[in-house]
Each structure stands twice: as structure tokens, then as C-alpha cells.
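Take a look at the structure below.
Computed from the coordinates by the stated procedures, all read-outs in this text should not be read as laboratory data. Note that the coordinates shown come from a computational prediction; the quantities given were computed from them, not determined experimentally. Cβ placement follows ideal geometry from the backbone for every residue including glycine, while neighbour counts extend to all protein chains displayed.
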Amino acid sequence: MEDQLLNLLMFAIPSLIVGAIAFLFFREHVQNEDNRRKFLMLKQLQKEALPQRLQAYERFSLFLERISPNKLLTRVAPISSNKEDYSNLLANSIEQEFEHNLSQQIYVTDNCWSVINASKNATIQLIRNASISDKVDSADTLREVILKDMMDRVPPSNAGLAFIKEEVGDLWN
């Protein structure tokens, strides 16, 4: 009886060891396959999302170009000689452009979104500050002051454009 039990153990122990090793290898293989499938699926999703991301960057680039004070003042003419009305018209025009592109934020990074938002707010602030100046008494004077100010410095939208260009460049690296 003891010999049979000893023989049984001599056959069972190696079988259990081989079974345990096979189980570990099989489990590792299944995990690797799951990771490979997840990687391929993520790669496919990124490939499909890339055109949408690029389109979002394009739309935000266009937005930043359109709110650049030089281009904005050329495109949006004053409807009266009142400087506050014109300042509000310019700010509303920027906000409308922004709201038109609002849904594109899901395709850009949080940092990019923050820079675009900051560029928009800085441009509106630039217009508001120019309109409260003592030397500005009409819409036409407001235009002149803003245009002269833009000759001496870089528009706030340029920072956003530079950031977008950098991010798009990083997409290819």
C-alpha cells in the first residue's frame, strides 16, 4: 500500500508541477494577448481620431487668426461712433467665434485649450483697456489706438498659434 502511495506521489508531483507551470504560461499568454489587442485598438482609435484632432487645431488656428486685432478691426467695422458700442461689438464678435468652435476643445490638450482661452481673454482685455483710455473718444479713435498698439507689440493670439504649431509638430514625433 505504501509503495502504491509512493508511486502515486512520484507521478502526481511532476504532473502537478507541469500543470502549474502550464497554467502560469497560459495565464501570461492570455494577458499578453489582451494587452496586444488593447494596444492595437488604441492605435486604431488614434489613427481614426488624428484627422479630427488636426481639424480642431486648424479651426483654432483660424479662430486665433480671426481675433488678431489687426484682422478683427479690418473685418468688424463700427456701427456707430460710440467707443463702448464698438468695444462691445468687437468683444461679442470674438465670443461668437469662440462659441462657434467650442466643441473642438475635446480634440486638443488641456494646455492647448488653456492657451487658446487665455489668448481670447487677453485680446478682449486689450480692446477693453484701449476703450477706457482718456485719449479715446470715438470708435474710429479706438481703432487707431488698438492698431498703433499692435505695431509696438505682438498680438495675444500669436502665443496661441505658436502653441498650436508646437503641439501639431509633436503629433508627428
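Please rank 86, 57, fewest neighbouring Cβ atoms within 10 Å first, as an exposure proxy. Write out the running numbers ahead of the final one.
Working: 86 25, 57 19.
Final ranking by Cβ density, sparse to dense: 57, 86.
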### Query
Under a straight-distance cross-link criterion of Cα-Cα below 19 Å, which aspartates and glutamates are reachable from residue 83, leaving out those fewer than 8 residues away in the same chain?
95, 134, 137, 140, 144, 149
### Charge-dipole axis of segment 1-159 as Lys and Arg at +1 and Asp and Glu at -1 on Cβ define it, positive-most pick from 93, 8, 41
93
### Task
Would you grab the residues whose amide H sits under 5 Å from the one on residue 68? Only those 5+ places off in sequence or on another chain, please, with H modelled 1.01 Å from N.
none
### Message
Expected output is a single nm value to one decimal: the length gained when fully extending between residue 74 and residue 97, i.e. 0.36 nm times separation in residues minus the C-alpha distance. What is it?
### Response
6.7 nm
### Query
Against the longest principal axis of the chain, how steep is helix 157-171, in degrees 0 to 90 to the nearest 10, with axes from Cα atoms?
20 degrees
### Query
Which loop-located trypsin sites (Lys or Arg not before Pro) does segment 125-158 contain, where loop means any DSSP state but H, G, I, E or B and the Cβ has at most 15 other Cβ atoms within 10 Å?
135, 153
### Query
What residues qualify as long-range amide H neighbours of residue 82, i.e. H under 5 Å apart, gap of 5 or more or another chain, H built at 1.01 Å from N?
139
### Task
Work out how much length residue 41 to residue 2 would gain on full extension: take 0.36 nm times their residue separation and subtract the Cα-Cα distance, in nm to one decimal.
8.3 nm
### Task
Order by neighbour count: 123, 74, 141, fewest other Cβ atoms within 10 Å first, most last.
74, 141, 123
### Query
Taking only the alpha-carbon positions of segment 1-106 and ignoring solvent, what does the Debye formula give for the base-10 log of I(q)/I(0) at q = 0.23 Å⁻¹?
-1.14
